[in-house]
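Written below as structure tokens is the structure these notes are about.
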Amino acid sequence: MRLSTRIGLAVGCTVPLLVLASGWLLLQLVARDLHRAEDDHLRERAAAVVPDARALLRAGAAGRPKAADTRERALYSAALDVGVRMVGPDGSFSGGPQPGSGVRLPARTGVPVTVRADGDSWRVLGRPVRTPLASGTLWVFAPDTADRGQLRLVRRRVLVTTLLAAPLSGLLAWGMSAGAAAPLRRLTRRTAGLDPRTDRARPPLEPTGVTEADELAATVRTVLARYDEQAARTAEALDTARSFSSAAAHELRTPLMSMGTNLDILAEHPGLAEEDRAEVVTDLRREHGRLQGLLVMLRDLGRGDLVEAEAFRSADLTEIAEAAVAEARRRAPGALIVLDAPAGITVPGWEPGLRLLLDNLLANAVAHGADAQGQLSVTVGMRHVGEWIVLTVDDGGPGVPERDRERIFERFRRGAASAGSGLGLTLVAQQAALHRGTVTVGRAPGGTGARFEVRLPAGEGELPGRRDWLITTAGTYRSQEFPKEGS
């Protein structure tokens, strides 16, 4: 059932009930007013005829018939337009319009009441009359005008109005609601043919003047926008999965072939010399570690590509750095790793991603930061620079040649002597971009070694629109310029 039909039926049923209730209340008020007017008139007539009724009662009690007749005529004349009945110890006198003598009168006097006789209604007022010789009751009667034809006519008109109000109010409400629902029908027609899977069209934002219709249109657009967002995220996830499979297959081929060759050597030469066998086993372990590290790095890249905005919260970068430095010291007990960071530096970020960034920067410094004498020293620094948090990792190694400072952040870039997966610094660049920051590499302040510098914004912001580090290289994300220290 359409909304306009529902409203029309509801109004068509409600309005007659309201008319009936109003008519009934009006009838009660009119009847009460008529009764009040009648009662006031009865009291006036009763007060006017009480002296004649008292005189009549005295004449009857004194045994003077002629005087009693005279008093009866006087009493009847004083009653005018009301009926009177004088009931005494020796009989009763009645005159004027009144119910039959067989009608039972009320026992209570002094208050007007209604009595019914032969289909008619009467208002009756009784007054006690007392003399030294006798006592009686004077009754005054008047037709009950509240039950006359005029009131019945009003009652009929209320009923007729009620019968007419039902269809008229229903049609009027239906017409008005149909007009009010027109924007909803237009919105239905516009959205009925939309298929968000194949069509990018969306309902236009055209104010209709009906708040509910405009709110519904905005809600539809919001729902479709969320669908588009989720569809894009699903497509990114599928691209990430395909790229993960492709990258894993490409990068795992070489170590797997090397491991297969070493296994063939062990299988085909059971009598291999112990020294050669140990060399083959060492090579197998190295390739196994490389495979394991490569898979872990690819998994971490995928997590970074798919992390949602809800995962970002205020993170204590100082605490994360302390944990990462402690882990690096445990893995490289002979290295001198120093943390120079004030307490309480926080950034809006994804805590696992920030830890991943620091772990890989420290792992890279430990792997390549030894000086010519083999001494390994790494310094991690952190400070505020304007609206940015600057994180630096310095080592004392040979440094990074200027021609390679951009390329080392690309996927699977490894130095000639590197045994890593080639994804560690790619993860660093990914997490820096994911946190709306940047990472650069240059020469350490002492003139030797490398300095990796990460700049992260201290304020809130939106995530990057593109996150496909398993598909593209890091260079795509490093075009944004950031202010330098002291600017």
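Read the figures in this text as sums done on the coordinates, not as results from a lab. Since we're looking at a predicted model, the values are computed, not measured. In this analysis, Cβ positions are derived from the backbone assuming ideal geometry, glycine residues included, and neighbour counts consider all displayed protein chains.
Odds and ends about this structure:
- Backbone phi angles across the range 324-331, fed through the Karplus curve with coefficients 6.51, -1.76 and 1.60 (θ = phi - 60°), yield HN-Hα couplings of 5, 5, 4, 5, 5, 5, 5, 7 Hz in residue order; Gly and Pro are listed as x.
- Extension gain for residue 402-residue 261 works out to 47.0 nm (0.36 nm per residue, less the C-alpha to C-alpha distance).
- For residue 339, the residues 5 or more places off, or on other chains, whose built amide H falls under 5 Å of its own are 380.
- Charged neighbours of residue 449, selected by a Cβ distance under 12 Å, balance to -1 (K, R count +1; D, E count -1).
- In plain terms, the chain from residue 292 to residue 280 could stretch by 2.5 nm, reckoned as 0.36 nm per residue minus the Cα-Cα distance.
- Residue 129 long-range amide H proximity, modeled H, under 5 Å: 136, 137, 138
- Gained length - residue 74 relative to residue 188, 0.36 nm times residue gap less alpha-carbon distance: 32.3 nm
- Each peptide in 47-57, 264-274 was scored by the mean count of other Cβ atoms within 10 Å over its residues; highest first, the order is 47-57, 264-274.
- Efficiency of FRET from Cβ geometry, residue 171 and residue 460, R₀ 56 Å, rounded to 0.05: 0.50
- Cα gyration tensor category, rounded, prolate or oblate, for the range 17-76 with a/c compared to 1.5: prolate
- Taking the square roots of five times each eigenvalue of the Cα gyration tensor of the range 30-175, the equivalent ellipsoid has semi-axes of 45, 12, 12 Å, listed largest first.
- Distance in nm between pseudo-label sites at residue 6 and residue 157 (7 Å out along the Cβ direction from Cα): 3.8 nm
- Residue by residue, the range 35-45 carries 3J(HN,Hα) couplings of 4, 5, 5, 4, 5, 5, 5, 4, 5, 5, 5 Hz when phi is fed to the Karplus relation 6.51 cos²θ - 1.76 cosθ + 1.60 (θ = phi - 60°); x denotes Gly or Pro.
- Residue-wise HN-Hα couplings along the range 442-447, as the Karplus relation 6.51 cos²θ - 1.76 cosθ + 1.60 with θ = phi - 60° gives them from phi, are x, 8, 5, x, x, x Hz; Gly and Pro carry x.
- Per the Debye formula on identical point scatterers at the alpha carbon atoms of the range 67-119, with no solvent, log10 I(q)/I(0) at q = 0.19, 0.25, 0.31 Å⁻¹ is -0.79, -1.19, -1.34.
- In plain terms, the residue of 312, 409 with the fewest other Cβ atoms within 10 Å comes first and the most crowded comes last, giving 312, 409.
- Each residue, residue 310 and residue 238, gets one label point 7 Å from its Cα in the Cβ direction; the gap between the two is 2.3 nm.
- Neighbour-count order for 176, 257, 86, 382, fewest beta carbons within 10 angstrom listed first: 257, 176, 382, 86
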